[in-house]
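The values are calculated or read from the model by the stated rules, or taken from the named source; none is laboratory data. Everything numeric here is computed off the predicted structure, so don't read it as measured data. Positions of Cβ are backbone-derived with ideal geometry, glycine not excepted, and every protein chain shown enters the neighbour counts. Remember, those area values only see protein heavy atoms, side chains included, never the ligands or the DNA or RNA. Shrake-Rupley method; radii C 1.70, N 1.55, O 1.52, S 1.80 Å.
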Amino acid sequence: MKAIVITGSSSGIGKAAAKLFAAQGWQVAATLRKPENETELTEIDKIKLYRLDVTDPASIDNAAVPILNDFEVIDVVLNNAGYGLVGPFEASTPAQIRRQFDTNVFGLMEVTRAFLPHCRANQAGILINVSSLGGCITYPFTSLYHSTKWAIEGFSESLAFELGELGIQVKLIEPGAVATDFGGRSMEFAMPNELPDYGPAAQKFMAAQVNSDRVPATAEQIAEGIYEAATDGKTQLPYPLGDAAETYRMREQVGDDAFIAGTRQRIFG
Ligand SMILES: NC(=O)c1ccc[n+]([C@@H]2O[C@H](COP(=O)([O-])OP(=O)(O)OC[C@H]3O[C@@H](n4cnc5c(N)ncnc54)[C@H](OP(=O)(O)O)[C@@H]3O)[C@@H](O)[C@H]2O)c1
């Protein structure tokens, strides 16, 4: 029976992936910051919960040791935990920036490090990192979130070379818009009143979001894409999912400059 470790399993994409892999007969180590609050995953036989905060190295070790004891082989590590910091870069405090990188980038790296010796010993394993369409294109007022996802893209692409030689694969999940709690609970806003210069542009950006005709994918659809990445036997690195695939293609077709000009025109007129 195959086994997967998932970070950020309390909601959204992580929870949908935990349920899907379990339904497909996999054993699932679902890690969460607060397993005591979980009531749904606890009802599923194939899922075991572990406490793990990706920003806390001790908690990563405290989860990895029992997971590696409980499961003979870990086939897939799904680095999913993440959140978005939104607002003008200038408004973000150093503590906010650090927390954004600690969670989305350094947390992902440390979880990867915790399971690499196991994968190396087996000369097998797939590391699936949840990036974003926001790791391939950018919008204004999300520079820090984008920089974490672009970091994950570069990290994963480079890692894929060196781990590929050891029999370990790296894959990137790049969802477009997804209807999860991400836009609510998982978004931190840095938009202080003392920087009114950004107000008009920020309002245009917010209006463009409200008027957007993007149709978000469901967390379940993204989980299906993750399952495909875990099982398709391909060495493919990026998996643009939902509306990311079309946007990704469009940037390739028109080129960077025209794509960026189009984004500016659409948001700021
Ligand atoms: N939704 C979208 O439109 C979208 C698009 C592209 C990419 N993504 C990416 O998809 C991933 C999952 O997001 P989602 O859309 O499923 O949002 P979500 O439902 O809000 O889930 C975010 C998950 O990350 C967890 N998390 C946050 N900080 C953590 C930490 N320090 N340690 C462990 N877990 C932590 C949350 O756990 P708690 O319950 O403890 O807070 C939650 O389980 C993120 O990496 C996000 O960047 C989302």
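Over segment 7-64, with every protein chain in place, what whole percent of the accessible area is carbon and sulfur at 1.4 Å, could you tell me?
Values: 1140 of 2710 Å².
Its accessible area is 42 percent carbon and sulfur atoms.
Would you mind pulling out the separation of the Cα centroids of segment 110-183 and segment 208-269, in Å?
Centre-to-centre (Cα) distance: 16 Å.
How long, wide and thick is segment 60-165, going by the Cα atoms along their three principal axes, in whole angstroms, largest first?
Here the Cα extents, ordered largest to smallest, are 47, 29, 16 Å.
Taking only protein heavy atoms and a 1.4 Å probe, what accessible area per residue, in Å², does segment 1-158 have with all protein chains in place?
On the way: 6630 Å² over 158 residues.
Ligands and nucleic acids excluded, the result is 42 Å² per residue.
Report, in deg cm²/dmol and to the nearest 500, the calculated mean residue ellipticity at 222 nm for the chain, where each DSSP H run with n ≥ 4 adds -39500 (n - 2.57) and the sum is divided by the residue count.
Numbers: 9 runs with 121 residues, N = 269.
Mean residue ellipticity at 222 nm (helix-derived): -14500 deg cm²/dmol.
So how far, in whole Å, is the C-alpha centre of segment 31-68 from the one of segment 82-108?
23 Å
Using a simple charge model, +1 on the beta-carbon of Lys and Arg, -1 on the beta-carbon of Asp and Glu, nothing else, what dipole does the chain show about its Cα centre, in debye to the nearest 20? Working shown, then result.
Details: 22 positive and 33 negative charges, 30 e Å.
The calculated dipole for the chain is roughly 140 debye.
Roughly how tilted is helix 219-231, in degrees to the nearest 10 and between 0 and 90, from the longest Cα axis of the chain?
On a 0 to 90 degree scale, this one is about 50.
Report the Rg/Rh value for segment 126-269, based on alpha-carbon coordinates and the Kirkwood definition of Rh. Working shown, then result.
Numbers: Rg = 16.8 Å, Rh = 16.7 Å.
Here the Rg-to-Rh quotient is 1.00.
Tell me the carbon and sulfur percent of the accessible area for segment 105-195, rounded to whole percent, probe radius 1.4 Å. Numbers along the way, then the final one.
Numbers: 2180 of 3880 Å².
Carbon and sulfur: 56 percent of the exposed surface of segment 105-195.
For a distance above 28 Å, tell me the whole-number percent of Cα pairs in the chain that qualify.
Details: 12386 of 36046 pairs.
So the portion of pairs separated by more than 28 Å is 34 percent.
May I ask which of 2/46; 48/171; 19/171; 2/48; 15/171 have a Cα-Cα span longer than 22 Å here?
Details: 2/46 11 Å; 48/171 24 Å; 19/171 20 Å; 2/48 14 Å; 15/171 19 Å.
Those over the limit are 48/171.
Cβ neighbours within 10 Å, averaged per peptide: list 225-233, 79-87 in order, most packed at the top.
Details: 225-233: 17.6, 79-87: 23.8.
Ranked from most to least packed, the peptides come out as 79-87, 225-233.
Using only Cα atoms, find the angle between the long axis of helix 244-254 and the longest principal axis of the chain, and express it within 0 to 90 degrees, rounded to the nearest 10.
Computed tilt is about 50 degrees.
Helix 12-23: angle to the longest alpha-carbon principal axis of the chain, degrees 0 to 90, nearest 10?
In the chain, helix 12-23 runs at an angle near 30 degrees to the longest axis.
Roughly what would the spin-label model give for residue 197 and residue 245, points 7 Å off Cα along C-beta, in nm?
4.3 nm
Report relative contact order for the chain in percent, whole number only (criteria: Cα-Cα under 8 Å, sequence separation at least 6). If you can, show how the numbers build up before the last one.
Numbers: 468 pairs, mean separation 52.7, N = 269.
Result for the chain is 20 percent.
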